[in-house]
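Only the coordinates and a few stated rules stand behind these numbers; no lab work does. Keep in mind that what you see is a predicted model, and the values were worked out from it rather than measured. Ideal geometry is used to build each Cβ from the backbone, glycine not excepted, and the neighbour counts take in all protein chains shown.
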């Protein structure tokens, strides 16, 4: 029996799926929170978790492996210099998927994919303290 092999193809060809995943993971690292359908969020989560784990060890090889998928050099730098440093002590589970309901027109499950430790949370706390 061939259990747990394969992945969700999301109804797309390989080239389209790769482009979509790299675009979404780039957006996740840029904004630290994205809203998408639940199957896409779960697929991007797998990729993002592996990238963060790889970024925790800053080597030329790891940078090149991540730069294969993320074409924006600024986001690659942010991943290695900022995001990975936040998760050094965490052994895994860098992202979370929160279900937010169904989309009105086609009833697709919508979810929020976000990094567990976000910088924007710290900014919001500082703004609340000032007020």
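Cut-off 10 angstrom, C-alpha nodes, Gaussian network model of the chain. Which of 26, 95, 37 fluctuates the most?
Ranking 26, 95, 37 by mean-square fluctuation puts 37 first.
Which residue fluctuates most in the GNM of the chain (Cα springs below 10 Å): 66, 52, 83?
Comparing 66, 52, 83 in the GNM, the peak value goes to 66.
Most fluctuating residue of 11, 92, 101 in a GNM of the chain with Cα springs under 10 Å: which is it?
Among 11, 92, 101, the largest mean-square fluctuation in the Gaussian network model of the chain belongs to 11.
Between residue 61 and residue 97, 0.36 nm times their residue separation minus their Cα-Cα distance comes to what?
Additional length available on full extension: 10.0 nm.
Tell me, what is the FRET efficiency for residue 88 and residue 35 to the nearest 0.05, using R0 = 22 angstrom and their Cβ-Cβ distance as r?
Working: r = 28 Å, r/R0 = 1.27.
Once the sixth-power term is evaluated, E becomes 0.20.
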